[in-house]
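Novice: Below is a structure I'd like to ask you about.
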Amino acid sequence: MATDAAATARRPPHPLGGLILVGMALAVWWPAFTLGAWGTLFFDQLLTIWVVSTAGFVIVLMQPRPFPHRLGKSLALLVPSLWLALAFLLSDETDDFGVFLVDLVGILVALIGMPFTLVVLVRVVWPDFGHGLTRGRKVVVTAAFVAIALGSFVLGASHPYFLTCEDFAISGNSEPPGCVHAEPTTP
């Protein structure tokens, strides 16, 4: 009888945690990998985040909710625009701090902004999304997301051990620093 009570008290698995994790993992793996492999983020990744977050900003502004409830989301969705403005304002900057600031905001935009934008947009379209997740499951999803981002970065930094320059070239990417050419095959 005790096992029956424990079984009914246990919550069934909630598919939303998995859905959230898959979406966030898809959004973060490539920027984290490129940061590890090339030591930088590509402009197309950052501009994609800017486009999506700007569209999300407009959607949040059009919500019929009172403005104070939308202020935090609106400000967060403007962070990629802050990066873009800093990039324009400091484009001629030769000061190391200015370059560091633009790079830092760019990295934060890519690694934090993209998953956050995804979650905000899903919550705007589907307001009840995520309400069934317990705090513990949210912690697990967040920890898994961080592990995926760090793992992707480490894979990018370790690319010479399992990828060749030709792998990058055939996929349409440039060769990252330190890539290893494949051994030529002799017939």
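Novice: H69: touching a helix residue (DSSP H, G or I) at 6+ places or on another chain (Cβ under 7 Å) and at pLDDT below 75, yes or no?
Specialist: The answer is no for H69.
Novice: Sticking with this one: In the range 164-186, what count of residues is obtained for those that are under 30 Å from G18 (Cβ atoms) and touching a Pro at 6+ places or on another chain (Cβ under 9 Å)?
Specialist: The total comes to 0.
Novice: Could you look through the range 34-55, keep only residues that are assigned to a helix (DSSP H, G or I) and touching a Leu at 6+ places or on another chain (Cβ under 7 Å), and pick out the one that is farthest from C179 (Cα to Cα)?
Specialist: The extreme case among them is S53.
Residue-wise test of (1) of a type in the set (F, W, Y); (2) more than 11 Å from the chain's Cα centre (by Cα); (3) assigned to a loop (DSSP other than H, G, I, E, B).
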{"site": "G23", "(1), (2), (3)": "no, no, no"}
{"site": "V28", "(1), (2), (3)": "no, no, no"}
{"site": "A32", "(1), (2), (3)": "no, no, no"}
{"site": "F57", "(1), (2), (3)": "yes, yes, no"}
{"site": "G72", "(1), (2), (3)": "no, yes, no"}
{"site": "V99", "(1), (2), (3)": "no, yes, no"}
{"site": "T117", "(1), (2), (3)": "no, no, no"}
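Novice: Got a sec? Which of L47, L41 is at pLDDT below 85, under 16 Å from the mean Cα position of the chain (by Cα), within 30 Å of H159 (Cα to Cα) and aliphatic (A, V, I, L, M)?
Specialist: On the way: L47 fails: at pLDDT below 85.
Just a single option satisfies the conditions, and that option is L41.
Novice: Another one. Mind counting the residues in the range 138-171 that are in a loop (DSSP other than H, G, I, E, B) and within 24 Å of M24 (Cα to Cα)? Don't jump to the end; show me each part of the working.
Specialist: The first filter runs over the range 138-171 and keeps only residues in a loop (DSSP other than H, G, I, E, B), leaving 158, 162-163, 171.
Okay, now just the ones that are also within 24 Å of M24 (Cα to Cα), so 158, 171.
Number of matching residues: 2.
Novice: Does A7 qualify as being in a helix (DSSP H, G or I), at pLDDT 75 or above, over 21 Å from L77 (Cβ atoms) and of a type outside the set (S, T, N, Q)?
Specialist: In short, no.
Novice: Considering only residues of the range 51-69 that are surrounded by 18 or more Cβ atoms within 10 Å (Cβ to Cβ) and not hydroxyl-bearing (S, T, Y), which is farthest from N173 (Cα to Cα)?
Specialist: Initially, the range 51-69 is screened for residues surrounded by 18 or more Cβ atoms within 10 Å (Cβ to Cβ), giving 52-53, 56-57, 60.
Next, from what is left, pick out any that are not hydroxyl-bearing (S, T, Y): 52, 56-57, 60.
Details: V52: 23, G56: 29, F57: 31, V60: 35 Å.
Applying the filter and picking the extreme gives V60.
The values are calculated or read from the model by the stated rules, or taken from the named source; none is laboratory data. Just so we're clear, the structure is a prediction, and the values are computed from it rather than from any experiment. All Cβ positions, even for glycine, are placed from backbone atoms using ideal geometry, and neighbour counts span all protein chains on display.
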